[in-house]
Amino acid sequence: MDDERRAQWLYYRIAEAAYADDIVTGDEAQILSIIARSLGLGPMDAMEMLTAARAGDDPFTDEEAPETKMEMGDATTYQGALIAALDDEVITEDEWAMLDLFRSLLGLQQEDHATIEEAIRSMAEVDEDGERRLERLQQYLVAHPLE
């Protein structure tokens, strides 16, 4: 599976989870937008995956499903999505759950997350939004302890 198709697959799986209750809130739409940008999906690709998820029309065959393993750049992609979400003013439980699913789909392990967390903490010292980002990161870690 090429990188673009993998990004679509990842985004579809997250959108599918967002539509599980038949409603996508404004907060969920915001995190979906953040994840789409982090994955490098264009607006048309993201819309196509959202439409398919809303209809429950999985555009992927079982053979297309990538292995849940980390690939080059996944940690950076997840870190970018996590920082963008932490910089958002309000992060709901649904948004946290979608980020957790994203981390899981990327195959990021506990030690990978710890490295990303340390990078966010070290950036906080030189970033004007750093302190607030760390507060939200701590909320995330309390609500979603890594297993």
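Work from the charge dipole of the chain (Cβ charges, +1 for Lys and Arg, -1 for Asp and Glu, about the Cα centre) and give the residue of GLY42, ALA29, TYR140 farthest towards its positive end.
GLY42
How many Å³ per residue does the convex hull of the Cα positions in the chain occupy?
111 Å³
At a 10 angstrom cut-off on C-beta neighbours, averaged per residue, how do the peptides 110-123, 27-40 rank from highest to lowest?
27-40, 110-123
With helices defined as uninterrupted DSSP H runs, which ones in the chain have an alpha carbon span along their own long axis of at least 15 Å and mean Kyte-Doolittle hydropathy of at least 0.0? Spell out each step's value before the answer.
Details: long enough: 3-18 (22 Å, -0.97); 26-39 (20 Å, 0.55); 43-55 (18 Å, 0.22); 74-87 (20 Å, 0.41); 93-106 (20 Å, 0.11); 110-124 (21 Å, -0.69); 130-143 (20 Å, -0.84).
Length and hydropathy pass: 26-39, 43-55, 74-87, 93-106.
In what order do VAL24, VAL142 fall by count of nearby beta-carbon atoms within 10 Å, going from fewest to most? Numbers along the way, then the final one.
Values: VAL24 18, VAL142 8.
Fewest-to-most ranking of VAL24, VAL142: VAL142, VAL24.
Using alpha-carbon pairs under 8 Å, 6+ residues apart, how would you state the relative contact order of segment 1-103 in percent? Before the final figure, lay out each step's value.
On the way: 72 pairs, mean separation 41.8, N = 103.
Once normalised by length, the contact order is 41 percent.
Where nothing but the Cβ of Lys and Arg (+1) and of Asp and Glu (-1) is charged, how large is the charge dipole of the chain around its Cα centre, in debye to the nearest 20?
120 debye
Suppose R0 equals 25 Å. What FRET efficiency, 1/(1 + (r/R0)^6) with r the Cβ-Cβ distance, do GLU93 and MET47 give to the nearest 0.05?
Values: r = 26 Å, r/R0 = 1.02.
Efficiency for this residue pair is about 0.45.
Only the coordinates and a few stated rules stand behind these numbers; no lab work does. Treat the numbers as computed from the prediction; the structure is a model and nothing was measured. In this analysis, Cβ positions are derived from the backbone assuming ideal geometry, glycine residues included, and neighbour counts consider all displayed protein chains.
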